[in-house]
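In what follows, a structure is listed as structure tokens, so that the remarks can point back to it.
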Amino acid sequence: MRLAIGSDHAGYDLKAEVIELFDELGVEYKDMGTYVNESVDYPDFAHRVAHAVSTGEYEKGILICGTGIGMSIAANKIKGIRAALCHDVFSARVTRQHNNSNVLTIGARVIGSDLAIEIIKTWLGADFEGGRHARRVNKITAIEEGEYASE
Ligand code: RB5
């Protein structure tokens, strides 16, 4: 699986831990920054990762900032992106199964790294269930494309 990961300064240390884990597990990823632990603007990295996912260059993306909220708001502005902010394992699993989320966002100032890593492993390991969930995700796409017809 082709995976892109990015963070701002608040997510820098957690991103480094996640990357260490990916290296241990042999997960293929592209680190899209930030590369130095200095103050940066999270939308720059949200755009970089989410754009790469929206074009299909990468299948999934992970974005880490202080709360995960800014990354989520910014990433969801990009067409085709379904970014999910998750701070628990249940949501991480169900957002893959039901929402087919293609970007995961995490707040490094909200949860510890052990839980963040469990969330990432769960999110990466869960599959979209399709069926009635596909109908609902298609409605999200229709809203995005201005083609949604209310019932
Ligand atoms: C940076 O201070 C902080 O605002 C950012 O990491 C994030 O939490 C924004 O949503």
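Within region 47-62, the set of residues being of a type in the set (Lys, Arg) and within 11 Å of the chain's Cα centre (by Cα) comprises just one member, Lys60.
Flag: Gly107 matches the condition of being closer than 14 Å to Ile120 by Cα and either open to solvent by 70 Å² or more (accessible area, probe 1.4 Å) or within 16 Å of the ligand (Cβ to nearest atom) (or both). Take the conditions (1) touching a residue at least 60 places away in the same chain (Cβ under 8 Å); (2) assigned to a strand (DSSP E or B); Thr105 misses just one of them, which is (1). Restricting attention to region 13-60, the residues that are assigned to a helix (DSSP H, G or I) and out of contact with any strand residue (DSSP E or B) (no Cβ under 8 Å at 6 or more places or on another chain) add up to 13.
Scanning region 1-50 for residues that are of a type in the set (S, T, N, Q) and within 12 Å of the ligand (Cβ to nearest atom), we see that the one that is surrounded by the most Cβ atoms within 10 Å (Cβ to Cβ) is Ser7. Residues of region 51-80 that are open to solvent by less than 10 Å² (accessible area, probe 1.4 Å), away from the ligand (no atom under 13 Å from the Cβ) and within 20 Å of Lys121 (Cα to Cα): Gly61, Ile62.
The values are calculated or read from the model by the stated rules, or taken from the named source; none is laboratory data. Source: prediction; values computed, not measured. A quick note on method: Cβ atoms are made from the backbone with ideal geometry, for glycine too, and the neighbour counts reach across all protein chains shown. Note: accessible area is taken over every heavy atom of the protein model, side chains too, but ligands, DNA and RNA are not part of it. Shrake-Rupley method; radii C 1.70, N 1.55, O 1.52, S 1.80 Å.
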